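The values are calculated or read from the model by the stated rules, or taken from the named source; none is laboratory data. Everything numeric here is computed off the predicted structure, so don't read it as measured data. Using ideal geometry, Cβ is built from the backbone for each residue, glycine included, and neighbour counts are taken over all protein chains shown. Side chains included, ligands, DNA and RNA excluded: accessible areas come from the protein's heavy atoms. Shrake-Rupley method; radii C 1.70, N 1.55, O 1.52, S 1.80 Å.
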Amino acid sequence: QATEFCGKILVVDDDVYNRRVLQGMLEKLGHHPVMAENAMTALRLLDRSFDLVLADVMMPKINGFEMVRMIRNNPATRDIPVIMVTTLSDKAERLQAVEVGANDFIAKPVDMMELKIILFASLLLQLIWELNIKDFPFILI
């Protein structure tokens, strides 16, 4: 069953198995995933046509934290939501993800229902932001 808010999602993970699992989940949820095997490839692909980025934290050369910093420093991509996909259980590392500009994070192994909820919420908030809706029925912090 597809979500009401389906989008073009850039998946960034150096592990081919993780990319395949996420691709399958995203397709089942009605999204349009595009795969990138590392941060450099992702940064080359990323433009405003993407609705969201799902990025692994632990990658060679450029890790997920640094990639998010680069996305946020680029005026063309700074507003695209980024969800970190991680095995991180350390509170300090989760805080670091938010400090560099990640919108949210999801733990590995990824649960389909949790992924659906996080994507729905992130895409809905992005839509509200883009439409500049001032009379939204609740306060966004």
With respect to Val34, determine if the residue is open to solvent by 20 Å² or more (accessible area, probe 1.4 Å), of a type in the set (Val, Ile, Thr), closer than 19 Å to Gly7 by Cβ and at pLDDT 95 or above. yes
Would you confirm whether or not region 120-133 contains a residue that is within 27 Å of Val16 (Cα to Cα) and not small (Gly, Ala, Ser)? yes
Identify the residue in region 81-97 that is open to solvent by 30 Å² or more (accessible area, probe 1.4 Å) and out of contact with any Lys or Arg (no Cβ under 8 Å at 6 or more places or on another chain) and, among all such residues, is nearest to Ala107 (Cα to Cα). Ser89
Single residue of Asp79, Asp47, Asp56 found to be at pLDDT 95 or above and among the acidic types (Asp, Glu): Asp47
Do we find that Ala121 is over 15 Å from Val12 (Cβ atoms), small (Gly, Ala, Ser) and surrounded by 11 or more Cβ atoms within 10 Å (Cβ to Cβ) in this structure? yes
Name every residue in region 81-112 that is of a type outside the set (Gly, Ala, Ser) and part of a loop (DSSP other than H, G, I, E, B), in order of residue number. Pro81, Thr87, Leu88, Asp90, Val100, Asn103, Lys108, Pro109, Val110, Asp111
Has region 31-39 got at least one residue that is part of a loop (DSSP other than H, G, I, E, B), under 20 Å from Lys108 (Cβ atoms) and touching a residue at least 60 places away in the same chain (Cβ under 8 Å)? yes
Taking the stated definitions as given, is Arg19 over 19 Å from Ala121 (Cβ atoms), modelled with pLDDT of 95 or more and basic (Lys, Arg)? yes
The residue from Arg78, Arg69 that alone is part of a helix (DSSP H, G or I) and either within 17 Å of Leu115 (Cα to Cα) or open to solvent by 40 Å² or more (accessible area, probe 1.4 Å) (or both) is Arg69
Between residues in region 10-29 that are open to solvent by 60 Å² or more (accessible area, probe 1.4 Å) and residues that are assigned to a strand (DSSP E or B) and charged (D, E, K, R), which pairs lie under 8 Å by C-beta distance while being six or more apart or on different chains? Asp14/Asp56; Asp15/Asp56
Among the candidates Arg94, Arg78, Arg44, Arg69, which residue alone is under 20 Å from Leu124 (Cβ atoms) and either among the basic types (Lys, Arg) or touching a strand residue (DSSP E or B) at 6+ places or on another chain (Cβ under 7 Å) (or both)? Arg78
Condition check: touching a residue at least 12 places away in the same chain (Cβ under 8 Å), in contact with a Lys or Arg (Cβ under 8 Å, 6 or more places away or on another chain), open to solvent by less than 40 Å² (accessible area, probe 1.4 Å) and assigned to a strand (DSSP E or B). Does Val53 satisfy that? no
